[in-house]
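No value in this document is a laboratory result; all are computed from the given coordinates. Everything numeric in this text was worked out from a predicted model, so none of it was measured. Glycine gets a Cβ as well: all are built from the backbone with ideal geometry, and neighbour counts include every protein chain shown.
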Amino acid sequence: MTVLLIRSGRPRTGASSSQTSATSPGWEASLLYCLRAAGLTLNDVDLVAVSGIGRTPPTRAETGLAHLGIDPARIVPVDHHLSHAYTAYCLSPYQEATVLVVDGGGNNNDTETYYRATPGGIERVGGNPPTRPRSGGIGATYEAFTNWLGWHEQEAGKTMALASYGDASLYRAPLFDVVDTQAHGRLTHTHAPGVADLARRNGFDFGPYGSRGEHELGINAAAYVQSQTERALCALAEQTIASPGLGNLCFAGGVALNCVAADKIRRLDAVTGYFAPPASSDRGQALGCALYAWHRLTSELPRRPPSSDYFGRDYTSEEIEQALRRDPRSGLVERRRTPFTWRRERDIARTAAQMIADGKIIGWFQGGSELGPRALGARSILADPRTTASSDALNQRIKHREPFRPFAPAILTDHASTWFDLDVTSPFMLLAPPVRPDHSDKIAGVVHVDGTARVQTVDPAAAPAYGALIEHFHQLTGVPVVLNTSYNDREPIVETPAHALATLQVCDLDAACVGEYLVERS
């Protein structure tokens, strides 16, 4: 039996290429988690595929794996963008496709690359010229504006949400030139200095640095970069599809998480089919590396279209009860000891649906956790979507997010096209279609200011408990939608029953459904 172990790294600021593969924090804990979940040891592993960010992929000696006793012959370095391409194509439903990868940067100065993918292999066709500075890339430009607005460049989702409140037409100069299959951005530096220089050269006023959505000109700057990014991505998608002549588009890299732009790309006449993997960003590098290594080891190009995104391990009733009894072996760390009661429910989905219909905000912990940045009904906080009262309470009491950031709807797949302008499924919450005008007031808590929503379509066959909950809520309210956000408060999404319980105690959730158990604050 062939087993693959994979990981990826992101460098510290100023890190050399020799540091890139050993600086991703927590990777050894992730390694241990995966081995334990699979019941394996390092001796069972045939290949270790590694990617990183830097001038070149890490060499075997640079991976930081020697102290684990792994034979260097078992280590396979993988190009960063190629790893993204494997994730996108191998998980897609298409036999032949154009694969477009756009992110902040990979190896060899890559920021935009595209590939021809068929059952015979994944072949790189082209990309940005290696002599063009990284600052001219689409992802790096978006990161720079995010940084100018006062956030870390990895918080680009805040810029996307803020953009809907602004006016992009105030800034006339284009940010990008797309020539054939290459994007050339107008920034000369990365991060905030690049935005300041652009403003000076064009006479633009983007407001003060670090405005964080509290200055009108900064809001307009967000609208500008979002609008220009959409324009560039649509042009790039059309051009790259025309080159290999394959209309199915697989989109990956961190920029693929821009669900507003993605919804526009998929509607292009040139796009006959669209797919983005649930972990489009660097969180999916490990999976891409595994798929690449499998191909290398067996000569079989793996095709694994996922029916769900629940890649984490399950937890037994015994493990859940261990945490509920405050057994130290569960790993429970109570940052705030809050009294709670718990009981086993005959139908946890029905109970949860009734609580949500009654205005309660609940934690929902079921099965294995999601891969990627979206909570998709395994580690979620759920609330009533029908009014803004629930979303306001959720933000004020629990999530403490910026008020301009919307919450997402989760809807039963069979009802999606009735409530949203959506003719495809969106199981991984990577599209933001318009809400049907005759339904928008019925789910006001999940409609963004521009009339769109980052929707998740839920197939009960892939997520039985989650689907049952939404169906029960539909029967109670006539609305086949629940408000869904991640089960956390300014920290990583919960993974274990103990973590779910600790988060319930420290934030103002009304209750948590952990497996079959209902836990309520006393």
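What does the extension gain come out to for Ser522 and Ala461, with contour length at 0.36 nm per residue minus their alpha carbon separation? Kindly include the intermediate steps, with their values, before the conclusion.
Working: separation 61, 0.36 × 61 = 21.96 nm, distance 3.48 nm.
Extra length available between Ser522 and Ala461 comes to 18.5 nm.
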| field | region 126-136 - phi-based ³J(HN,Hα) in whole Hz, Karplus 6.51/-1.76/1.60, Gly and Pro as x | value | x, x, 5, x, x, 7, 6, x, 4, 4, x
| field | Estimated distance in nm for a label pair at Arg212 and Asp508, the labels positioned 7 Å out from Cα along Cα-to-Cβ | value | 1.9 nm
| note | With Rg from the Cα atoms and Rh as the Kirkwood inverse mean 1/r over Cα pairs, region 101-219 has an Rg/Rh of 1.03
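Using alpha-carbon pairs under 8 Å, 6+ residues apart, how would you state the relative contact order of the chain in percent?
Values: 1155 pairs, mean separation 73.1, N = 522.
This gives 14 percent for the chain.
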| note | In whole angstrom, the spacing between the Cα centers of region 166-205 and region 214-247 equals 12 Å
| request: Mind giving me the nanometre distance, one decimal, between the label points for His67 and Arg436, set 7 Å out from Cα along Cα→Cβ? | output: 5.8 nm
| task | Pull up all non-local amide H partners of Val494: gap of 5 or more, or a different chain, and H-to-H distance under 5 Å with H placed in the peptide plane. | result | Tyr487
| Over all distinct alpha-carbon pairs, what is the Kirkwood Rh of the chain in angstrom? | 23.9 Å
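Would you mind computing Rg(Cα) / (2.2 N^0.38 Å) for region 116-159, counting N as its residues?
Numbers: Rg = 15.2 Å, N = 44, 2.2 N^0.38 = 9.3 Å.
The reported ratio for this selection is 1.64.
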| Nearest 0.05, what FRET efficiency do Arg335 and Ser417 give at R0 = 60 Å with Cβ-Cβ as r? | 0.85
| field | Cα point-scatterer Debye curve for region 449-522, base-10 log of I(q)/I(0) at q = 0.18, 0.20, 0.27 Å⁻¹ | value | -0.94, -1.08, -1.25
| field | Relative contact order %, region 85-212, counting alpha carbon pairs below 8 Å whose residues are six or more apart | value | 22 percent
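Let me have the 222 nm mean residue ellipticity of the chain computed from DSSP H runs of 4+ only, each contributing -39500 (n - 2.57), with the sum over all residues rounded to the nearest 500.
Working: 14 runs with 157 residues, N = 522.
About -9000 deg cm²/dmol.
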| Can you run phi through the Karplus equation (6.51, -1.76, 1.60; θ = phi - 60°) for region 353-363 and list ³J(HN,Hα) in whole Hz, with x for Gly and Pro? | 4, 5, 5, 5, 4, 7, x, 7, 10, 10, x
| query | Dividing the Cα convex hull volume of region 55-168 by residue count, how many Å³ per residue is that? | reply | 167 Å³
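Just to be sure I follow: if Rg is taken over the C-alpha atoms of region 372-522 and Rh is the Kirkwood radius over the same atoms, what is Rg/Rh? Can you show the working numbers first?
Working: Rg = 14.7 Å, Rh = 15.6 Å.
Rounded to two decimals, Rg/Rh equals 0.94.
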| field | Difference of contour (0.36 nm per residue) and Cα-Cα distance, Ala196 to Arg325 | value | 40.9 nm
| If amide H atoms are built 1.01 Å from N in the plane of the peptide, which residues on other chains or at least 5 residues away come under 5 Å of the amide H of Ala408? | Asn484
| query | Which residues' amide hydrogens lie under 5 Å from the amide hydrogen of Gly210, considering only partners 5 or more residues apart or on another chain, with H built in the peptide plane? | reply | Leu149, Gly150
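How do 155-166, 305-316 rank on mean C-beta neighbours within 10 Å, highest first? Spell out each step's value before the answer.
Details: 155-166: 21.1, 305-316: 16.7.
Highest to lowest by the protection proxy: 155-166, 305-316.
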| message | Could you sort the peptides 74-86, 502-514, 178-190 by per-residue average Cβ neighbour count (10 Å cutoff), highest mean leading? | response | 74-86, 502-514, 178-190
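Relative contact order, percent, of region 165-246 when contacts are C-alpha pairs under 8 Å separated by at least 6 residues? Don't jump to the answer; show the numbers that get you there.
On the way: 84 pairs, mean separation 32.5, N = 82.
That works out to 40 percent.
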| remark: Going residue by residue through region 37-52, the Karplus relation 6.51 cos²θ - 1.76 cosθ + 1.60 with θ = phi - 60° gives ³J(HN,Hα) values, rounded to whole Hz and with x marking Gly or Pro, of 4, 8, x, 10, 10, 4, 5, 7, 8, 8, 9, 10, 9, 10, 10, x
| remark: Inter-part gap, Cα centre of region 276-312 to Cα centre of region 456-522, in whole angstrom, is 27 Å
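Using per-residue counts of other Cβ atoms within 10 Å, averaged over each peptide, order 98-104, 170-176 from highest down.
Highest-to-lowest ranking by the protection proxy: 98-104, 170-176.
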